[in-house]
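Starting off with a structure, shown below.
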Amino acid sequence: MTSFREPTIQPTEEAAVEDRALRPQRMADMVGQRAVFERLMIAVDATRKRGEVLGHILLDGPPGLGKTTFATCIPKELGVSLQIASGAALTAPKDLLPYLSNASEGSVLFIDEIHRLPIAVEEFLYPAMEDFRIDITLGDGVAARTINMPLRPFTLVGATTRAGLISAPLRDRFQMREHLDFYSFDELAEIVRRSAAKLSMPMDDASADEIARRSRGTPRLANNRLRWIRDFSTSRANGELTIEIAKTALEMQGIDELGLDGFDRKYLETIQRVFGGGPVGVEAIAHTMSTATDTLEDDVEPFLLRCELVVRTPRGRRLTPRGEEHLGAMPQTAPQRRLF
Ligand code: ADP
């Protein structure tokens, strides 16, 4: 899925190709998420052995943790085809129709950002998921009639950054619901080493550890940081890579010791400076930062909450002593603003 947090690193065609190159192609190539991995492997294995169709799966968790990767690996394990759609683009039932009618027996339909489906599309999906049929209404008023169209049995894999926004009837139609959590330091260091090998980059353990430490628990960010360091090393260091070069490159991007970037720090600074440390509602923070509440809730807050730099209270977000301390330890993002 697309991330809002690093608008300056919009994937170019070349980066998109590299992203594909770095994405694990088989489940066995995936690092971490062991409990989720084991459960999905069992479901895939049983489906294969019985020659049945895999039950629908809902994956949730912050961006960049591997929801799309699981969704693309599962059909490869099953030897079936994959269609990819995005909840935001499915604005009416007719938008879903081609995907459902094209779905071959046992194939996977992946809907990213499934929490963004409008209710009419969601309701259209219910009989498709449950009974592999859709109800199409022809005509208007008293002349209207509904016809049932059977579908070939398929597997829906839904991904969301907001499990809380999924309605109960939709959630209940998924046989498996899996939550992806942030990766450990060791898992990220392993991902960095594997990605460096795929990009033919020399990589010592100290540099891999440094990148892992500054990747906010997120494989996508680990890969982004790695690619930036590669560019930096090519342009400024004749392709050489040492821990000092890695650190200089990351600092040049404003990535601090905890892996936070300027936007994360701006969020913390806004709570501290404008709202006296909180508690403050997320909408007020978003307005002040001229950004969308969704961006803060999906992309910024989960890791900061995880690190206990902020807490959510019934009255809003509050900076913790650890958050204060982190800001105190870091150079200010916008020192000139401190004058006011
Ligand atoms: P999401 O769909 O949750 O936003 P993605 O599946 O697109 O995240 O993951 C982003 C990138 O991170 C992938 O392209 C891949 O390179 C890397 N990645 C994600 N999960 C893993 C994993 N378990 N092992 C190795 N790399 C991973």
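For Ser215, all conditions in the list (1) touching a residue at least 24 places away in the same chain (Cβ under 8 Å); (2) assigned to a helix (DSSP H, G or I); (3) within 16 Å of Gly61 (Cβ to Cβ) hold save one; what is the number of the exception?
(2)
I'm trying to understand the selection: among the residues of the stretch 54-69, which are touching a Leu at 6+ places or on another chain (Cβ under 8 Å) and within 7 Å of the ligand (Cβ to nearest atom)?
Gly61, Gly64, Leu65, Gly66, Lys67
Considering each residue of the stretch 1-38, count those that are at pLDDT 85 or above, more than 7 Å from the ligand (Cβ to nearest atom) and surrounded by 13 or more Cβ atoms within 10 Å (Cβ to Cβ), and give that number.
4
Consider Ser233 carefully, then state whether it is in a loop (DSSP other than H, G, I, E, B) and more than 13 Å from the ligand (Cβ to nearest atom).
Answer is no for this residue.
Let me ask something else. Considering the stretch 271-280 alone, what residues qualify as being more than 15 Å from Val300 (Cβ to Cβ) and in a loop (DSSP other than H, G, I, E, B)?
Val274, Phe275, Gly276, Gly277, Pro279
Moving on. Of the conditions (1) of a type in the set (A, V, I, L, M, F, W, C); (2) over 28 Å from Gly79 (Cα atoms); (3) buried (at least 20 other Cβ atoms within 10 Å of the Cβ), Ile111 clears all except one; give me its number.
In the conditions (1) of a type in the set (A, V, I, L, M, F, W, C); (2) over 28 Å from Gly79 (Cα atoms); (3) buried (at least 20 other Cβ atoms within 10 Å of the Cβ), Ile111 misses (2) alone.
Let me ask something else about it. Any idea how many residues of the stretch 174-185 are in a loop (DSSP other than H, G, I, E, B) and surrounded by fewer than 19 Cβ atoms within 10 Å (Cβ to Cβ)?
So the answer is 3.
Would you please list the contacts, defined by Cβ atoms under 9 Å and residues six or more apart or on different chains, that run from a residue in the stretch 54-79 that is over 24 Å from Gly164 (Cα atoms) to a residue that is hydrophobic (A, V, I, L, M, F, W, C) and near the ligand (Cβ under 7 Å from one of its atoms)?
From residues that are over 24 Å from Gly164 (Cα atoms), the pairs are Cys73/Met30.
The values are calculated or read from the model by the stated rules, or taken from the named source; none is laboratory data. Every value quoted in this text rests on a predicted model; they were computed, and no experiment measured them. All Cβ positions, even for glycine, are placed from backbone atoms using ideal geometry, and neighbour counts span all protein chains on display.
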